[in-house]
Amino acid sequence: MIDGLVTAVAELPPESTQQAVGYPTLFLLVALGALVPVVPTGALVSSAAVVAFHQTSPFSPLFVFLVASLAACLGDAALYWLGQRGVRSRNGSRWLASLRGRVTPERLARAQERLDTHQVPVLVLSRLVPAGRIPVMLACLLGGMPLRRFVRGDAAACLAWAATYQLIGVLGGSLFPEPWQGVVAVVALTLLISGAPAVWRRVRGARGDA
């Protein structure tokens, strides 16, 4: 059976082979990136959008959007569920401790204050603002938000997030004749966007110490 599957994949046209391998890979990496902050998921989605833009199938960009948003939502739901186990446990958990370690008390307090009045909009913005997802998720956990309600709000957030980074990829793909050129451009741009808040916080900290 495995040999037959390998043969079937090998006989597919190059673009179909890319899709057969690329979509599951994109799903796994985005879901993993939602759990552990070592995968630049925004850059992945934008890069996949660049490649999809240069493919002949008109449905490729739609598939990238659906796969990315679903993977992000499932990854967030899994992380939230793991965090809930830590909140309910007397000894906590390493997942909850990891979330706490990535959020300063000031950012957590601001997220909790915003959640009191606007839950869904705050969840959407937390996905779009670099480094904004974890403080809001931790605030939801400590506030006792049920998993089902979190997923409902997070689903809209993941759709907006996937659409935003896909738009970046489509724009990058339209500016360059070769897919690899667009990939390099959007990866550089998304990494710059994601790293800007950390740089700004360091600059503010340095000014405050001076």
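The values are calculated or read from the model by the stated rules, or taken from the named source; none is laboratory data. All figures in this text were calculated on a predicted structure; none of them were measured in a lab. Here the Cβ is made from the backbone with ideal geometry for all residues, glycine too, and neighbour counts use every protein chain on show. When the accessible area is computed, the model is the full protein with side chains, heavy atoms only, and any ligands, DNA or RNA have been set aside. Shrake-Rupley method; radii C 1.70, N 1.55, O 1.52, S 1.80 Å.
Within the range 76-104, count every residue that is touching a residue at least 60 places away in the same chain (Cβ under 8 Å), assigned to a helix (DSSP H, G or I) and of a type outside the set (S, T, Y).
4
Would you check which residues across the range 19-60 are more than 26 Å from A77 (Cα to Cα) and within 9 Å of the chain's Cα centre (by Cα) and list them?
none
Quick one: in the range 78-99, of everything that is open to solvent by less than 20 Å² (accessible area, probe 1.4 Å) and hydrophobic (A, V, I, L, M, F, W, C), which residue is nearest to G42 (Cα to Cα)?
Here the answer is L79.
With respect to R107, determine if the residue is in contact (Cβ under 8 Å) with a residue 40 or more places away in the chain and either among the charged types (D, E, K, R) or open to solvent by 20 Å² or more (accessible area, probe 1.4 Å) (or both). It would help to see each step written out before you state the result.
Details: in contact (Cβ under 8 Å) with a residue 40 or more places away in the chain: no; either among the charged types (D, E, K, R) or open to solvent by 20 Å² or more (accessible area, probe 1.4 Å) (or both): yes.
The answer is no for R107.
From A52, A43, A34, A48, grab the single residue that is among the aliphatic types (A, V, I, L, M) and either open to solvent by 80 Å² or more (accessible area, probe 1.4 Å) or under 16 Å from A160 (Cβ atoms) (or both).
A34
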